[in-house]
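*Asks:* The structure that follows is given in the form of structure tokens.
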Amino acid sequence: MYKLLAVDLDGTLLNSYGEISKENREAIKYALNKNVEVVLASGRDPQTMKKISLDLGIQNFLIAGNGANIFNIKDNKNIYENFIKKDKALRIIKMCKENSIFFNVYTSMGIITESLNYNVKVFNSENSQKALENQTNIEIVEDIYKYIENVNLNILKIIICDNSKIIFNNIIQKIRKINGVDVLDVEHMSKKIIKVGTEEVNIEYFYTEVSNKNVNKWNAIEFLIKLLNIKKEEVICIGDNMNDKKMIENAGIGVIMKNSALEAQNIGDFITEDNNSNGVEKAIYKYL
């Protein structure tokens, strides 16, 4: 009997347009009705995830920032934190600015950026399709370094993007030398589709995510299952990317999406359909 279901968002529960299908919604509801603890586990910020969770009927917990934060939805408070320290964040920001590479900062309240590009452009497009109360909070500032320097924020992660692999790999090598942070290995390009009027526009870019040391979704899940007195054999995890690798490897059942990166295809127990073909629904009905 499986007692906890952890589901990634982008590329997994969400389709290429950032939407949740009717079929996936009904499958999540089915799992909740079977008294399974359903937890969204994403790289997104907790405030955005809280809105999505409540919309799906998930009312207890969520895992944000790739495991940097577990948020208790009912009590509206953090129960687990592993944030990037300000001094390290400023060092990474300075490095990105010196190398003229695009970056943005995820905090517990949303995304801080200097412009709408790459991943932020995707979220901004999603916002245009949503009611104001359901939008991702995107704050555009003139200088992120000065902004972070002068405020106290819970920093989940820093996203770095570029469409040139040479430039991208160069900055990644420099950031790896900073002690106390982890750099996510992502070899493939992120591919998203946004709607601009009646047209569809492809957004493609190389990216990585810089988190505090030992931040990953499985470490957060381990904390949660100890709290809930659940065995890891009773956990199902569904994901599509390298930031889902550890939770898929360690769960009782690890499910990989058909649209996942090739390097992630070999780590799961089961490959379900892609995120545009209700792969989450199929996995839920297979194991529950």
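None of the figures in this text is laboratory data; all of them are computed from the coordinates on show. If you're wondering where the values come from, they're calculated on a predicted model, not measured in any experiment. All Cβ positions, even for glycine, are placed from backbone atoms using ideal geometry, and neighbour counts span all protein chains on display.
*Asks:* In whole Å, what is the distance between the alpha-carbon centres of the range 181-240 and the range 83-128?
*Replies:* If you average the Cα positions of each part, the centres end up 16 Å apart.
*Asks:* For the range 30-112, what is one quarter of the convex hull surface built on the Cα atoms, given in nm²?
*Replies:* Average of the hull's projected areas for the range 30-112 equals 6.2 nm².
*Asks:* Order these peptides, 19-25, 121-127, 88-94, by their mean beta-carbon neighbour count within 10 angstrom, highest first.
*Replies:* With the highest mean Cβ count within 10 Å placed first, the list reads 121-127, 88-94, 19-25.
*Asks:* Of the cross-linked pairs LYS165/LYS213; LYS51/LYS121; LYS130/LYS177; LYS34/LYS217; LYS50/LYS177; LYS86/LYS195, which ones have a Cα-Cα span greater than 31 Å in the structure shown?
*Replies:* Violating the 31 Å Cα-Cα cut-off are LYS130/LYS177; LYS50/LYS177; LYS86/LYS195.
*Asks:* Taking the Cα atoms of the range 86-212, report the difference between the largest and smallest coordinate on each principal axis, in whole Å and largest first.
*Replies:* 45, 33, 22
*Asks:* Now for a separate question. Cα axis of helix 46-56 to longest principal axis of the chain: angle in degrees, 0 to 90, nearest 10?
*Replies:* Roughly 30 degrees between the two axes.
*Asks:* On a full-extension model of 0.36 nm per residue, what is the gain between ILE79 and LEU228, subtracting their alpha-carbon distance, rounded to one decimal in nm?
*Replies:* Length difference between fully extended and current span is 52.4 nm.
*Asks:* Quick one: what does P(r) look like for the range 176-288 with 5 Å bins over all Cα pairs, in whole %?
*Replies:* 2, 11, 17, 18, 19, 15, 10, 5, 2, 1
*Asks:* Also, I was wondering about something else. Which entry in [x] 107, 58, 38; [y] 64, 45, 37; [z] 52, 45, 38 is this structure's computed Cα extents along the principal axes in Å?
*Replies:* Matching the structure shown: [z].
*Asks:* Ok, one more. Roughly how many whole Å is it from the C-alpha centroid of the range 132-148 to that of the range 1-52?
*Replies:* What the calculation gives is 25 Å, centre to centre.
*Asks:* Taking each pair of distinct Cα atoms in the range 15-55 once, what is the resulting Kirkwood hydrodynamic radius in Å?
*Replies:* That comes to 11.3 Å for the range 15-55.
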